[in-house]
Amino acid sequence: MSASSSPVLPTSAFADGPRLLADVGGTNARFALEVAAGHITLVEVLPCADYPSLSAALQAYLALPHIAAAGGQAVRHAVIAIANPVDGDFLSMTNHHWSFSIRAMREECGFTTLDVVNDFTALARSLPQLSSEQKHQVGAGTARPNTAIGLIGAGTGLGVSGLIPSHGGWIALQSEGGHVSFAPFNEVEVSILQFAWREYEHVSAERLISGDGLELIYRALADRAGVPAEALPAAEITRRALAGESQLCDDVIEAFCCMLGTVAGNVAVTLGALGGIYIGGGIVPRLGPRFDRSGFRARFERKGRFANYVSQVPTFVITAQYPAFLGASAILSEKLASL
């Protein structure tokens, strides 16, 4: 998959024109054109806050001169992977103010086909296609073929999905597992939960294992230590931790990684994910070697009587730049083939 600005269209280009692929989160909307099978290019990242609606962002992308020159104005088929439950025609985003009707957007944009799927469903579909260079293993374990695969990822929210093998292919789960109730592992995490209860009646895993969660953990640990908390955004907490400038910020990152290990281990035993657990989202890849040194893997394996079971499950950080496009492409191809 390339991201060039002026692609040379392959001779095997789709007969009905390029296909639009979108990966929409709470912060950014990423767009690309698939000009031939597996040839994904012209990637652009547009801040959601800059546009009044998803349709406006989508049409702004297609109207870019280099996109239009590559056939953007002639797109007939599109798929949107979005960080939100997809149930029916009308969607209202959990982590952004956009809301829309799928049918109305299809008509407004002039598409013949518009498929909208959960972003982690699309990301899950990409997992079997990832090369060894597009993922990084953390800890031990060996994936077993033809077994379930789990997926978890922290960014604006906490996404969860999985793949179940079926008749030589895969079924992607449309899960909202990030909203399960947070379960503390030790006294420190109990104190973090108690602090979070001051702000939220229900503390989900996503409340703590996300960008906003990093900020909440920071305030909780500062309160526990009896020190004043600065108004630090997640990016600054992470920067100070990685730069070695703040022990408190490093403690936040450590708590975050361990909590993620608990939830990832829960997904592994829930799905029987002997094919591995994959970690996506925007936060963990930015931690680099700090994540490898964290307590994530040790916590992942702390499952009591099932410690030996989860120790066999490999854990991978997804390092591919735009992996959801691969899964979105596969979903759209299957939909068009069934028409």
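The values are calculated or read from the model by the stated rules, or taken from the named source; none is laboratory data. Nothing here was measured: the structure is a model prediction, and the numbers come from that model. For neighbour counting, all protein chains shown are included, and Cβ atoms are generated from backbone atoms with ideal geometry for every residue, glycine included. These area figures cover heavy atoms from the full protein model, side chains too; ligands, DNA and RNA do not enter into them. Shrake-Rupley method; radii C 1.70, N 1.55, O 1.52, S 1.80 Å.
Remarks
- One residue from GLU254, GLU236 being open to solvent by less than 50 Å² (accessible area, probe 1.4 Å) and either charged (D, E, K, R) or touching a Ser or Thr at 6+ places or on another chain (Cβ under 6 Å) (or both): GLU236
- Residue identified as within 22 Å of GLY211 (Cβ to Cβ) and touching a Leu at 6+ places or on another chain (Cβ under 7 Å) among VAL45, VAL35, VAL24: VAL24
- On the stretch given as region 299-336, residues that are farther than 17 Å from ALA143 by Cα, free of Cβ contacts under 8 Å to residues at least 40 places away in the same chain and of a type in the set (Gly, Ala, Ser) total 1.
- Within region 58-97, considering residues that are closer than 13 Å to ASN28 by Cα and touching a Cys at 6+ places or on another chain (Cβ under 7 Å), the one surrounded by the most Cβ atoms within 10 Å (Cβ to Cβ): LEU58
- Qualifying residues in region 166-178 (those that are part of a strand (DSSP E or B) and free of Cβ contacts under 8 Å to residues at least 40 places away in the same chain) - the one nearest to PRO47 (Cα to Cα): ILE171
- Just one of (1) among the hydroxyl-bearing types (Ser, Thr, Tyr); (2) modelled with pLDDT under 95; (3) closer than 24 Å to ALA330 by Cβ fails for THR94. It is (3).
- Summed over region 273-307, the residues that are within 15 Å of VAL160 (Cβ to Cβ) and open to solvent by 10 Å² or more (accessible area, probe 1.4 Å) give a count of 3.
- Looking only at region 197-218, residues that are outside any loop (DSSP other than H, G, I, E, B), open to solvent by 80 Å² or more (accessible area, probe 1.4 Å) and touching a helix residue (DSSP H, G or I) at 6+ places or on another chain (Cβ under 9 Å) come to 2 in all.
- When the test is whether a residue is under 14 Å from the mean Cα position of the chain (by Cα) and either in contact (Cβ under 8 Å) with a residue 24 or more places away in the chain or surrounded by fewer than 21 Cβ atoms within 10 Å (Cβ to Cβ) (or both), SER181 does not pass it.
- Note on region 236-294: enclosed helices (runs of 4 or more DSSP H) holding 3 or more residues that are among the aliphatic types (A, V, I, L, M) and in contact with a helix residue (DSSP H, G or I) (Cβ under 6 Å, 6 or more places away or on another chain) are 247-271.
- If the condition is being without any contact (Cβ under 8 Å) to a residue 24 or more places away in the chain and in contact with an Asp or Glu (Cβ under 6 Å, 6 or more places away or on another chain), then region 93-150 contributes SER101, ILE102, ARG103.
- Qualifying residue in region 309-319 (condition: assigned to a helix (DSSP H, G or I), over 24 Å from HIS179 (Cα atoms) and open to solvent by less than 50 Å² (accessible area, probe 1.4 Å)): yes
- Only a single item in (1) touching a residue at least 12 places away in the same chain (Cβ under 8 Å); (2) surrounded by fewer than 24 Cβ atoms within 10 Å (Cβ to Cβ) is not met by GLY157, and it is number (2).
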